[in-house]
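Engineer: A single structure is presented below for examination.
Since every read-out is calculated from the coordinates, none of them should be taken as a lab result. Everything quoted here is computed from the prediction, not taken from an experiment. Cβ placement follows ideal geometry from the backbone for every residue including glycine, while neighbour counts extend to all protein chains displayed.
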Amino acid sequence: MKKNVLLVDDEKSFIESLSVGLEDERLSLLQANTGLQAIAVMERNNIDLVVTDLKMPDMGGYELVAYLARNHPQIPVVVMSAYATLETEENFKILGVSSFVQKPLELDDLKQKMLAALDEADRTRGGSSDEIKLIHKKNIQLLANLVETRDPYTAGHQRRTAELSMKIAEQMTISPDKIQGLYMAALIHDIGKIAVPSEILTKPGRLTPIEFELIKNHPETAYDILKPIDFPWPVATIVRQHHERLDGSGYPLGIAGDEILLESAILTVSDVVEAMATNRPYRFARTIELTLEEITDHRGTYYLPEAVDACVSLFADGEFITQFTNANWAS
Ligand SMILES: [Fe+2]
Ligand SMILES: [Fe+2]
């Protein structure tokens with residue numbers, strides 16, 4: 001699997017030529033021009049290595065390295081600088097920076113250091129990545145069980161949404177690793193509702209605007225809960241974005257189009273379909289046809305066209321309807 005490398009430098013032309021020079025089938029290169037931009041890219045992507053300049057506007061390389069040491073200590077960092085002295089190098093080593101390269105750059109030297117930093121990160125993570133994933137799957141199951149004890153409805157909804165998300169993603173021929181991450185995130189996508197009083201969650205009839213606002217906090221609450229955990233997939237971000245819409249009319253961030261993670265865009269579709277097609281405390285299940293009408297009516301405006309098409313075709317071939325209306329799906 002390719003490693004995602006984030007290159008951070010405020011000189012656009014430099015970073016463009018660096019991307020070309022570093023091209024390699026083992027690496028997928030992403031770019032950011034400032035420290036803040038780098039953080040935004042990291043929120044949407046699973047980054048394996050950061051290569052950063054030191055002097056940049058807004059958030060400089062030093063602040064970025066400090067941020068990474070605090071929030072993503074598992075991500076290795078390579079610093080490029082024309083100014084690094086032995087002393088700054090020592091300080092950076094304390095913050096966990098893997099290595100330095102002097103500017104002007106020797107491309108081969110940089111690439112070697114990048115690959116070494118990636119290898120070292122794989123080694124220190126300990127265990128094979130399969131073992132790590134198994135541990136994370138167990139952690140997610142634990143969180144899902146926690147939801148179940150308080151709110152069996154949401155737990156069932158999450159399970160069915162995860163199942164449907166996986167089927168949609170399979171139809172879209174997405175990589176197995178991404179599908180695994182999507183499935184895991186979907187299993188706990190409404191975990192933020194543990195902060196919502198259960199009277200509101202189970203209230204029959206319409207919610208007041210204040211109650212609705214409380215419910216709307218759940219993706220952000222979930223993000224705060226999940227962010228500190230170093231999942232091998234971008235679980236916290238997938239969950240945070242599951243109520244965003246393609247046209248930017250969703251919440252909590254109001255982001256649009258490509259800003260939304262692919263996994264989140266799929267989860268949004270399966271979440272809506274599951275919620276509409278099964279019983280809620282406040283209304284009876286709508287038929288599958290009406291549910292599919294909702295997603296096709298908003299195909300491309302709210303919902304990712306490829307995910308809508310995949311979902312519609314899943315239900316069209318009938319097999320999935322049986323599963324969907326089967327007792328296994330009821331909880
Ligand atoms: Fe939700
Ligand atoms: Fe949901």
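Engineer: Applying the Karplus parametrisation 6.51 cos²θ - 1.76 cosθ + 1.60 with θ = phi - 60° to the phi angles of segment 242-249, what ³J(HN,Hα) value in whole Hz is obtained for each residue in order, glycine and proline being reported as x?
Structural biologist: The phi angles translate into 6, 10, 7, 10, 3, 8, x, 8 Hz.
Engineer: Using just the helices of the chain, give the 222 nm mean residue ellipticity in deg cm²/dmol: DSSP H runs with n ≥ 4 each add -39,500 (n - 2.57), and the total is spread over all residues, rounded to 500. Could you put the intermediate results ahead of the total?
Structural biologist: On the way: 16 runs with 184 residues, N = 331.
That comes out to -17000 deg cm²/dmol.
Engineer: Positive end of the dipole of the chain, charges at C-beta (+1 Lys, Arg; -1 Asp, Glu), about the Cα centre: which of ALA82, ILE255, GLN180 has its Cα farthest in that direction?
Structural biologist: My answer, from the dipole projection, is GLN180.
Engineer: Here's another thing I want to ask about it. Give me the dipole magnitude in Debye, nearest 20, for segment 1-72 about the Cα centre, with unit charges on the beta carbon: positive for Lys and Arg, negative for Asp and Glu. Provide the component values of the computation, followed by the final result.
Structural biologist: Working: 7 positive and 12 negative charges, 52 e Å.
So the dipole magnitude of segment 1-72 works out to roughly 260 debye.
Engineer: Continuing with the same structure: Could you give the dipole magnitude of the chain about its Cα centre, charging the beta-carbon of Lys and Arg +1 and that of Asp and Glu -1, in debye to the nearest 20?
Structural biologist: 1060 debye
Engineer: Something else about it: How do the peptides 151-161, 245-255 rank, highest first, by the average count of neighbouring beta carbon atoms within 10 Å per residue? Before the final figure, lay out each step's value.
Structural biologist: Details: 151-161: 20.3, 245-255: 16.5.
So the peptides 151-161, 245-255, ranked by packing, come out 151-161, 245-255.
Engineer: Same structure again: Any of LYS55/LYS113; LYS2/LYS216; LYS113/LYS178 with alpha carbons more than 25 Å apart? Name them for me. Don't skip to the end; give the middle numbers.
Structural biologist: Numbers: LYS55/LYS113 20 Å; LYS2/LYS216 35 Å; LYS113/LYS178 27 Å.
Long pairs (Cα-Cα over 25 Å): LYS2/LYS216; LYS113/LYS178.
Engineer: With the Cα gyration tensor of segment 200-316 giving a ≥ b ≥ c as the square roots of its eigenvalues, does the rule (a/c under 1.5 for rounded; else a/b larger than b/c for prolate; else oblate) give rounded, prolate or oblate?
Structural biologist: Oblate is the answer for segment 200-316, as a/c is 1.5 or above yet b/c matches or exceeds a/b.
Engineer: Same structure, new question: Using +1 at the Cβ of each Lys and Arg and -1 at the Cβ of each Asp and Glu in the chain, identify which of ILE288, GLY60, THR202 lies farthest towards the dipole's positive end.
Structural biologist: So the residue furthest toward the plus end is THR202.
Engineer: Right, here's the next one. If the limit is 29 Å between Cα atoms, which of LYS3/LYS137; LYS138/LYS203; LYS93/LYS137 go over it?
Structural biologist: Working: LYS3/LYS137 21 Å; LYS138/LYS203 32 Å; LYS93/LYS137 33 Å.
The answer is LYS138/LYS203; LYS93/LYS137.
Engineer: Percent antiparallel among DSSP beta bridges with both residues in the chain, to the nearest 5? Don't skip to the end; give the middle numbers.
Structural biologist: Numbers: 1 of 20 bridges.
Within the chain, antiparallel bridges account for around 5 percent of the total.
Engineer: Quick one: grab the alpha carbon gyration tensor of segment 122-203, order the square roots of its eigenvalues as a ≥ b ≥ c, and give me rounded if a/c is under 1.5, else prolate or oblate depending on whether a/b is larger than b/c.
Structural biologist: oblate
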